[in-house]
Structures are given as structure tokens and as C-alpha cells.
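Q: The structure that follows is given in the form of C-alpha cells.
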Amino acid sequence: MTNEFRDLERPRAMRKKDVVLMATVTSFESLPYPSRSELRQFAELFAPLFSASSEEARRDAVAALSQCKNIPPAVAFFIASQPIAVAAPFLTASTCLSDDALIAIARTQGEAHARAIVRREALSPTVIDALVGLRHDRTKRSDAPENLEALLPPRPTPEMIDEAERNAREELLRSRIKALAGHVARPADDRLGLRNLSAIQEALLVRFARNRETGLFATVLADTLSASHWLAERIMLDISGQQLATTLKGLAMETEDALFILQRLYDHLGVAQDGATRAAALWDALDEDECGKRVEAWRRADSYTYAEPQHQPMFADNRAEDSRQPRVIRTTASARKPLNGLYRVR
């Protein structure tokens with residue numbers, strides 16, 4: 001009854017457009033196999049009706065269409081590009097969004113849309129790689145200075161300072177420009193990159209831990225650490241959970257998400273002990289700075305272990321022995337002595 005009174009309070013034209021929008025959505029949902037002309041007609045009608053309707057009607061329409069399997073691609077992309085308050089159920093549940101559409105939406109609409117995409121039941125490896133790569137792209141854009149001249153001090157004039165002060169100012173400018181250039185070209189294994197866990201990576205780790213998809217979890221963890229897949233697997237193989245807890249705290253992950261991951265991957269950490277879970281006790285006993293230093297040491301050792309091998313010519317003097325080939329002992333003529341018509345090799 002209360003909802004009916006609220007409907008009466010709305011302007012008459014707005015209520016009519018809401019009714020028309022919901023009627024259009026309902027009639028389209030009732031078509032099990034819409035024809036090409038019906039899909040085109042729905043695509044032409046939906047956008048104007050959607051734009052002219054109220055916020056509540058838009059949410060109802062999107063929630064209904066999120067369960068529909070025959071939405072035109074243009075309409076699906078239009079809905080997914082709406083504000084997250086409206087588009088969230090469609091991004092999470094609709095099967096009408098292709099991998100290319102999901103990647104384009106995550107790149108253009110922001111982190112809120114990307115986090116909604118992460119909550120989908122099934123994600124292809126292509127979409128997962130794109131979501132993980134978003135952090136690197138955004139880090140590069142945020143690190144690059146928008147206006148280099150604005151960061152530099154104003155150019156001095158001869159009337160303001162003498163020749164000695166001018167030389168000192170020019171030297172200062174050179175040092176600042178070099179510092180900015182080094183900041184833009186920051187190496188991939190920089191300490192700042194390690195401690196900056198993106199929201200998308202955190203959501204992916206929580207998602208894969210919830211589903212106990214340890215392989216995908218290790219892949220995202222390795223990308224987060226900028227390390228090899230072997231290091232991520234070694235961390236997860238510690239059945240006590242301490243190494244993974246150290247890693248998550250070194251990455252400055254939110255406490256609630258970290259505890260959920262630990263309890264999901266290691267069942268014994270979910271047992272209550274002294275009014276708190278074992279995961280919480282383990283988490284509280286760790287120091288964040290010490291964890292960061294330890295993770296950095298693991299990454300440094302991993303980079304040494306899995307560094308790209310140097311190429312050596314096949315017949316180089318320092319070429320390592322190959323266990324698959326028979327061992328050959330090189331001798332000189334003076335090292336061979338005859339023995340009953342044969343030669344013995346020392």
C-alpha cells in the first residue's frame with residue numbers, strides 16, 4: 001500500500017514512462033527466441049525509454065534483464081556502462097556480455113565496475129589477465145606527471161638575480177628534471193609497487209580463495225609480487241598459513257579480506273581460540289614492516305633464482321655439461337700410451 005501511494009506522488013508523465021519501460025522489458029523477456037527484427041526494435045526503444053524513466057524503474061529493468069539470455073550486444077553494453085548503482089546486477093549476472101565488452105567496461109568505467117565484474121561466477125583467462133593488468137596501466141598513468149613545467153620553479157630573469165644565482169638555479173632545474181625522469185621510468189620491482197595492492201587484485205584474490213581455485217590464486221599472487229609462479233606456490237604450500245599471512249600483511253591487504261582468505265585456504269585457521277580465530281591471532285602477531293622486509297627478501301631471491309640464463313655457444317669452452325650426452329674426455333697425443341696395440345686414455 002505504501003508503494004502505491006508513492007507511485008501516486010510521482011508526476012503523471014514519469015509514471016507513464018516507467019510503466020512503458022517495464023512493459024517493454026516484460027514483453028521482450030517473454031520471447032524465448034526473438035527474431036532479428038524484434039531484437040532491433042527492442043534496441044531502438046530501450047535507450048530512450050530508459051533515459052526518460054526514474055531511477056527505481058531503471059534498477060528494476062536492469063535487474064530483470066540481467067537474467068535474460070537474448071539481449072542485443074548494443075543494449076548490453078549500454079546497460080553495463082551505466083552508473084554502478086544501476087549496472088551492478090547486470091555486470092555480476094548477465095551472460096550477454098562478451099569478453100571484449102567486459103574488458104572495455106573495466107578499462108573505461110573505473111574500479112567499481114571492475115570489482116562487479118570480478119564477482120561473476122565464471123571469468124575467462126583473457127578477462128582475468130586484463131583485470132590484473134589494469135593495475136599496471138593505472139600505476140603508469142598516476143606516476144607520470146601531467147604538467148612537467150608546473151612542477152618546476154619559474155624561470156629567473158636577469159633583473160631579479162645575478163649570474164651566479166642564475167647558474168645555481170639552472171643546476172637545480174637539471175637535478176629536478178633527472179629526478180622526474182627517473183620517477184617516470186620506475187623499475188618494475190620498485191618497493192612502492194610491491195606495497196601498493198590494487199583493489200582489483202585484492203578482489204581477485206578473495207574471489208579465488210572463496211572458490212578454492214588455488215591455481216588462479218597463485219597466478220594473481222605471483223603477478224602482485226612481480227615474481228615467479230614458483231614463489232607463489234611455495235608460499236601457499238606452507239600448511240601453517242604463516243607464509244601466506246606474512247605475504248598478505250606485507251602487501252598491506254585489508255584485515256577482513258586477509259582473514260577470510262586464510263580461513264578459506266587453511267581450515268585449521270578458522271578454529272576459535274580464546275575468543276578469536278587462529279587466523280586473527282596469527283595476523284595480530286605479525287608486524288607489517290617486518291613482513292614487508294621478508295617478502296622483499298623472498299622476491300629478491302626469486303629474481304636471482306629465475307633470472308634469464310645467459311646464452312652460450314654450443315661449442316664454447318665454458319659450456320656446461322649436458323647430462324643427456326655421453327661424456328667426452330679430450331686428450332692430447334702425448335697423454336695416450338699404447339697397451340697391447342690399443343690406446344689407453346688417462
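Q: Residues in region 41-50: is at least one assigned by TED's automatic domain parsing to the domain that holds ARG120, more than 13 Å from THR24 (Cβ to Cβ) and modelled with pLDDT under 90?
A: Going through region 41-50, the residues assigned by TED's automatic domain parsing to the domain that holds ARG120 turn out to be 41-50.
Now narrow it down to the ones that are more than 13 Å from THR24 (Cβ to Cβ): none.
No, region 41-50 contains no residue that is assigned by TED's automatic domain parsing to the domain that holds ARG120, more than 13 Å from THR24 (Cβ to Cβ) and modelled with pLDDT under 90.
Q: Would you mind telling me which numbered condition in (1) modelled with pLDDT of 90 or more; (2) assigned to a helix (DSSP H, G or I) ALA203 fails?
A: Here ALA203 meets the rest and fails (1).
Q: Kindly check whether there is at least one residue in region 266-278 that is at positive phi and at pLDDT 90 or above.
A: no
Q: Can you find a residue that is crowded, with 16+ Cβ neighbours inside 10 Å and over 16 Å from PRO83 (Cβ atoms) anywhere in region 34-41?
A: Going through region 34-41, the residues crowded, with 16+ Cβ neighbours inside 10 Å turn out to be 34, 39.
Subsequent filtering for residues that are over 16 Å from PRO83 (Cβ atoms) retains 34, 39.
Yes, the conditions are met somewhere in region 34-41.
Q: Which ones in region 27-52 are under 23 Å from ALA93 (Cα atoms) and assigned to a loop (DSSP other than H, G, I, E, B)?
A: Within region 27-52, SER30, LEU31, PRO32, TYR33, PRO34 meet the criteria.
Q: Which of the residues spanning region 236-245 are surrounded by fewer than 23 Cβ atoms within 10 Å (Cβ to Cβ), in contact (Cβ under 8 Å) with a residue 24 or more places away in the chain and closer than 12 Å to ARG294 by Cβ?
A: Selection gives GLN242 alone.
The values are calculated or read from the model by the stated rules, or taken from the named source; none is laboratory data. As the structure is a computational prediction, the values presented were derived from the model and not from experiment. As a convention, Cβ positions derive from the backbone with ideal geometry for all residues, glycine included, and neighbour counts pool all protein chains shown.
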